[in-house]
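Below is one structure; the comments refer to it alone.
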Amino acid sequence: MVEILADDRERDNGIAARLRSFGWDVRETRLATGDYIVGGTIGIERKTTADFATSLTNGRLFQQVAALKAVFRKPLLLIEGDRASIDGVRPQAVQGALASISIRWFVPILWSQDAEETAYLLLFGELPSSSA
């Protein structure tokens, strides 16, 4: 079984509990980089749309992406929520950041609607059939 590490600061979002309910081994610990590590090679930075906006405006987003690239063979940015709900940032800035991360940094970006979809993406790489 693949081991999943979850940053202990992610505890309140319920993703680790959801993963455990599927029978997966999830260990919560303080991670130096990323919010989830799957199989030791996939490093995932999870952002809500609000956190994405804040991280983009204060410059933390690109620092986190750079750290993911430096540490993990397979870095991934996962944004949770509706893209239309990214407030306080010009749409051009959002598009520019997304393009830079995916094209210049070669870091894939996945979107999920909520914590449940995030858990499915972490486990299976796809959405549940009822949501597809």
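Grouping the Cα pair distances of segment 1-113 into 10 Å bins from zero gives a pair-distance distribution of 14, 46, 31, 9, 0 percent in increasing distance order.
Fully extending the segment from Ile103 to Glu116, taken as 0.36 nm per residue of separation minus the present Cα-Cα distance, adds 1.9 nm. Note on the chain: dipole from Cβ charges, positive end direction compared against Ile103, Gln113, Ser21; the farthest Cα belongs to Ile103. The label-point distance for Thr57 and Glu3, in a model that sets each label 7 Å from Cα toward Cβ, rounds to 3.9 nm. Computed from the Cβ-Cβ distance with R0 of 22 Å, the FRET efficiency linking Ala70 to Gln95 stands at 0.30. Take Lys74: with every protein chain present and a 1.4 Å probe, its accessible area is about 100 Å².
The 3J(HN,Hα) values that the Karplus relation (6.51, -1.76, 1.60; θ = phi - 60°) gives for segment 51-65 are, in residue order, 5, 4, 4, 4, 5, 5, 6, 9, x, 5, 4, 6, 5, 5, 5 Hz. Gly and Pro appear as x.
Per-residue Karplus couplings for segment 8-23, computed as 6.51 cos²θ - 1.76 cosθ + 1.60 with θ equal to phi - 60°, are listed in order as 5, 6, 8, 3, 6, 7, x, 5, 4, 5, 5, 4, 5, 5, 7, x Hz, Gly and Pro entered as x.
The values are calculated or read from the model by the stated rules, or taken from the named source; none is laboratory data. None of the values given here were measured: they were computed from a predicted structure. We place every Cβ from the backbone using ideal geometry, glycine too, and count neighbours over all the protein chains shown. Each accessible area value is taken on the protein alone, full model and side chains, heavy atoms only, with ligands, DNA and RNA left out. Shrake-Rupley method; radii C 1.70, N 1.55, O 1.52, S 1.80 Å.
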